[in-house]
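Reading through the structure tokens given below for one structure.
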Amino acid sequence: MGKNKKNRKGIVFSTNPDFEYQYEEQEEQEEIPANQQKLRVMIDRKQRKGKEVTLITGFVGPDNELKDLAKFLKSKCGVGGSAKDGEIIIQGNHREKIVDLLLNKGYSNTKKAGG
């Protein structure tokens, strides 16, 4: 019964005591090699009360790899941030430094985007 109720497939409630819920399986994305990732690094101010963040988009792979990459970038920049839904948010304007770090880490298809 430890499964998340939101992932139940098609059934809200059953009075049958022997009924087994079918759960939607979360598809884990396969990791693409670093040199094939198409990452875009941009500065974003939207929905952030005027504060700048560096936004890295385009990551394809498992969540734990995304979080590891975010942890690496946050530690190298000495700031906070978050990672979810294929995006990494780093507090502050660190676009140049992050592009250099990603290129050195093997993400050769990394580009600066936006203003």
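The values are calculated or read from the model by the stated rules, or taken from the named source; none is laboratory data. All values derive from a computational prediction rather than experimental measurement. FYI the Cβ positions are ideal-geometry reconstructions off the backbone, even for glycines, and counts take in every protein chain you see.
Quick notes on this structure:
- Per the listing 47, 91, 36, the residue uniquely surrounded by fewer than 15 Cβ atoms within 10 Å (Cβ to Cβ), touching a residue at least 12 places away in the same chain (Cβ under 8 Å) and polar (S, T, N, Q) is 36.
- Filtered residues of region 1-32 (kept if surrounded by 10 or more Cβ atoms within 10 Å (Cβ to Cβ) and either modelled with pLDDT of 85 or more or under 15 Å from the mean Cα position of the chain (by Cα) (or both)): 28, 29, 31, 32
- Looking across region 94-115, the residues that are within 13 Å of residue 77 (Cβ to Cβ) and either crowded, with 19+ Cβ neighbours inside 10 Å or not charged (D, E, K, R) (or both) come down to 94, 95, 98, 99, 101, 102.
- Residues (more than 15 Å from residue 44 (Cβ to Cβ), polar (S, T, N, Q) and in contact with a Lys or Arg (Cβ under 8 Å, 6 or more places away or on another chain)) located in region 74-115: 109, 110
- Residue satisfying all of: in region 70-88; crowded, with 19+ Cβ neighbours inside 10 Å and under 9 Å from the mean Cα position of the chain (by Cα); nearest to residue 38 (Cα to Cα) among these: 88
- Top-ranked residue in region 50-63 [being within 13 Å of the chain's Cα centre (by Cα) and of a type outside the set (Phe, Trp, Tyr); ranked as surrounded by the fewest Cβ atoms within 10 Å (Cβ to Cβ)]: 62
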